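Working notes, beginning with the structure itself.
The values are calculated or read from the model by the stated rules, or taken from the named source; none is laboratory data. Source: prediction; values computed, not measured. A quick note on method: Cβ atoms are made from the backbone with ideal geometry, for glycine too, and the neighbour counts reach across all protein chains shown.
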Amino acid sequence: MRNLLLLAMAVLGLLPGGAMAQEKAKALPQIRVLIITGDHGHAWRETTPFLKELLSKAGHHVDVTEKPGKDLTPENLAKYDVLVLNYRNTPKGAKENPDSVWTEANKQAFADAIRQGKGLVVYHHASAAFVGDTEWDREFEKIIAGGWRRQGYHGKMHEFVVTVRKEHPITRGIKEFKHGRDELYQNSVIPPGADILATAYSDKSKDPKNTGLHEPMIWISHYGKGRVYHNVLGHDVEAMKSSAGFQILFIRGVEWAATGETYYPSPVKPNSGPN
């Protein structure tokens, strides 16, 4: 079954060989993306290639670092327009991949880059990185605009509907969509000034642990001059593949964080989920 993402691209001529492919590519800015990973607590070795391919096919230049302990430097970060966090610091990850551990200099370079205008995308469980009582942990929470932190949780994985709550270039043409089997994050920290773009209903009939509330799934904020896009959907590749809505909103979130605009086309069927 062809999903909405491919249908939108095909109709608008954005698939390889499409009549509008070269014209659209020329219209795109040269967005340079760095995916920061190497530790996560989830299957980052599987989700990272999927995210890279998704963004590359949308016309963006994507690099990956699995060694943020070496690559989060002012000189290296200056090469990019937007940073995508597919990272959560874990004891196991630090042991398996020592170069994934952020030094104090790495933390300072990362914070400075966002503060000075670099875009930031927080993907899924990166929402729970650097949770603790240190000054850095508290500052990191401000940088990423809250999220899972200490109080977050989810019930059983299940399918659910994501509903757009605010008109924005990221959500253009989308009102709701069906999302495949995923973790529905609950009780996220939403800082003052953040704009919630999309929510999902945490249905108690799916799991008594659920809240029975409409929980934030996607929101945006700022840290200094930097634009921050926070998306807690996408536990695994299966969840991301199941949902054209997720894919469109993720691509546009990266574009908005990088430039303040979005370039990826509106879906053909704005109120529907994947075909």
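Just to be sure I understand, how many residues within the stretch 168-188 are over 16 Å from the mean Cα position of the chain (by Cα) and outside any loop (DSSP other than H, G, I, E, B)?
Within the stretch 168-188, residues that are over 16 Å from the mean Cα position of the chain (by Cα) and outside any loop (DSSP other than H, G, I, E, B) number 6.
Any chance you could count how many residues in the stretch 200-237 are closer than 16 Å to residue 163 by Cα and either out of contact with any Lys or Arg (no Cβ under 8 Å at 6 or more places or on another chain) or not hydrophobic (A, V, I, L, M, F, W, C) (or both)?
Keep residues of the stretch 200-237 that are closer than 16 Å to residue 163 by Cα, which gives 200-203, 212-220, 230-234.
Still in the list and also either out of contact with any Lys or Arg (no Cβ under 8 Å at 6 or more places or on another chain) or not hydrophobic (A, V, I, L, M, F, W, C) (or both): 200-203, 212-219, 230-234.
Counting residues in the stretch 200-237 that are closer than 16 Å to residue 163 by Cα and either out of contact with any Lys or Arg (no Cβ under 8 Å at 6 or more places or on another chain) or not hydrophobic (A, V, I, L, M, F, W, C) (or both) gives 17.
Please specify each residue of the stretch 96-115 satisfying the condition of being over 17 Å from residue 71 (Cβ atoms) and either in contact with a strand residue (DSSP E or B) (Cβ under 9 Å, 6 or more places away or on another chain) or modelled with pLDDT of 95 or more (or both). So that I can check it myself, show each step before the final result.
Looking only at the stretch 96-115, we keep the residues that are over 17 Å from residue 71 (Cβ atoms), and these are 96, 115.
Passing the criteria: only 115.
Filter the stretch 147-163 for residues that are outside any loop (DSSP other than H, G, I, E, B) and either at pLDDT below 95 or surrounded by 15 or more Cβ atoms within 10 Å (Cβ to Cβ) (or both) and give the result. Full working, then the answer.
Step one: of the stretch 147-163, the residues outside any loop (DSSP other than H, G, I, E, B) are 147, 153, 158-163.
Correct list: 147, 153, 158, 159, 160, 162, 163.
Could you please find all residues in the stretch 200-214 being part of a strand (DSSP E or B) and surrounded by 21 or more Cβ atoms within 10 Å (Cβ to Cβ)? Spell out how you get there, then give the answer.
Within the stretch 200-214, the subset part of a strand (DSSP E or B) is 200-201, 214.
If the condition is that a residue be part of a strand (DSSP E or B) and surrounded by 21 or more Cβ atoms within 10 Å (Cβ to Cβ), then 200 is the only one that fits.
Every residue, every condition in (1) closer than 22 Å to residue 195 by Cβ; (2) of a type in the set (A, V, I, L, M, F, W, C); (3) in contact (Cβ under 8 Å) with a residue 40 or more places away in the chain; (4) assigned to a helix (DSSP H, G or I), yes or no:
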site: 114; (1), (2), (3), (4): yes, yes, yes, yes
site: 126; (1), (2), (3), (4): yes, yes, yes, yes
site: 131; (1), (2), (3), (4): no, yes, no, no
site: 139; (1), (2), (3), (4): yes, no, no, yes
site: 142; (1), (2), (3), (4): yes, no, yes, yes
site: 145; (1), (2), (3), (4): yes, yes, yes, no
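How about the stretch 161-194: which of its residues are among the aromatic types (Phe, Trp, Tyr) and in contact with an Asp or Glu (Cβ under 9 Å, 6 or more places away or on another chain)?
We begin by selecting, within the stretch 161-194, every residue among the aromatic types (Phe, Trp, Tyr); these are 177, 185.
Result: 185, single match.
Looking at (1) in contact with a helix residue (DSSP H, G or I) (Cβ under 9 Å, 6 or more places away or on another chain); (2) charged (D, E, K, R); (3) surrounded by fewer than 16 Cβ atoms within 10 Å (Cβ to Cβ); (4) within 23 Å of residue 132 (Cβ to Cβ), can you tell me which one residue 39 breaks?
It fails just one condition, (3).
Scan the stretch 134-160 residue by residue and report those that are aliphatic (A, V, I, L, M) and more than 18 Å from the chain's Cα centre (by Cα).
Quick first cut of the stretch 134-160, residues aliphatic (A, V, I, L, M) only: 143-145, 157.
157, the sole residue that qualifies.
From (1) of a type outside the set (Val, Ile, Thr); (2) crowded, with 16+ Cβ neighbours inside 10 Å; (3) within 25 Å of residue 255 (Cβ to Cβ), pick out the condition that doesn't hold for residue 166.
Checking residue 166 against (1) of a type outside the set (Val, Ile, Thr); (2) crowded, with 16+ Cβ neighbours inside 10 Å; (3) within 25 Å of residue 255 (Cβ to Cβ), the one that fails is (2).
Residue 165 is checked against (1) farther than 13 Å from residue 211 by Cα; (2) within 17 Å of the chain's Cα centre (by Cα) and fails just one. What number does that condition carry?
Here residue 165 meets the rest and fails (2).
Report whether or not residue 93 is at pLDDT below 95, surrounded by fewer than 16 Cβ atoms within 10 Å (Cβ to Cβ), of a type in the set (Gly, Ala, Ser) and within 25 Å of residue 240 (Cα to Cα).
Working: at pLDDT below 95: yes; surrounded by fewer than 16 Cβ atoms within 10 Å (Cβ to Cβ): no; of a type in the set (Gly, Ala, Ser): yes; within 25 Å of residue 240 (Cα to Cα): yes.
No.
Report, by residue number, each residue of the stretch 217-270 that is buried (at least 24 other Cβ atoms within 10 Å of the Cβ), over 13 Å from the mean Cα position of the chain (by Cα) and outside any loop (DSSP other than H, G, I, E, B).
244
Does any residue of the stretch 132-140 turn out to be surrounded by 15 or more Cβ atoms within 10 Å (Cβ to Cβ) and within 18 Å of residue 247 (Cα to Cα)?
no
Could you tell me whether any residue of the stretch 116-128 is within 13 Å of residue 223 (Cβ to Cβ), more than 17 Å from the chain's Cα centre (by Cα) and either modelled with pLDDT of 95 or more or surrounded by fewer than 24 Cβ atoms within 10 Å (Cβ to Cβ) (or both)?
Let us first name the residues in the stretch 116-128 that are within 13 Å of residue 223 (Cβ to Cβ), namely 116-122.
When the remaining residues are screened for being more than 17 Å from the chain's Cα centre (by Cα), the result is 116-117.
From what's left, either modelled with pLDDT of 95 or more or surrounded by fewer than 24 Cβ atoms within 10 Å (Cβ to Cβ) (or both): 116-117.
Yes, the stretch 116-128 contains at least one residue that is within 13 Å of residue 223 (Cβ to Cβ), more than 17 Å from the chain's Cα centre (by Cα) and either modelled with pLDDT of 95 or more or surrounded by fewer than 24 Cβ atoms within 10 Å (Cβ to Cβ) (or both).
For (1) touching a residue at least 60 places away in the same chain (Cβ under 8 Å); (2) closer than 16 Å to residue 146 by Cβ; (3) among the hydroxyl-bearing types (Ser, Thr, Tyr), each residue gets a yes or a no:
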site	(1), (2), (3)
209	no, no, no
218	no, yes, no
241	yes, no, no
247	yes, no, no
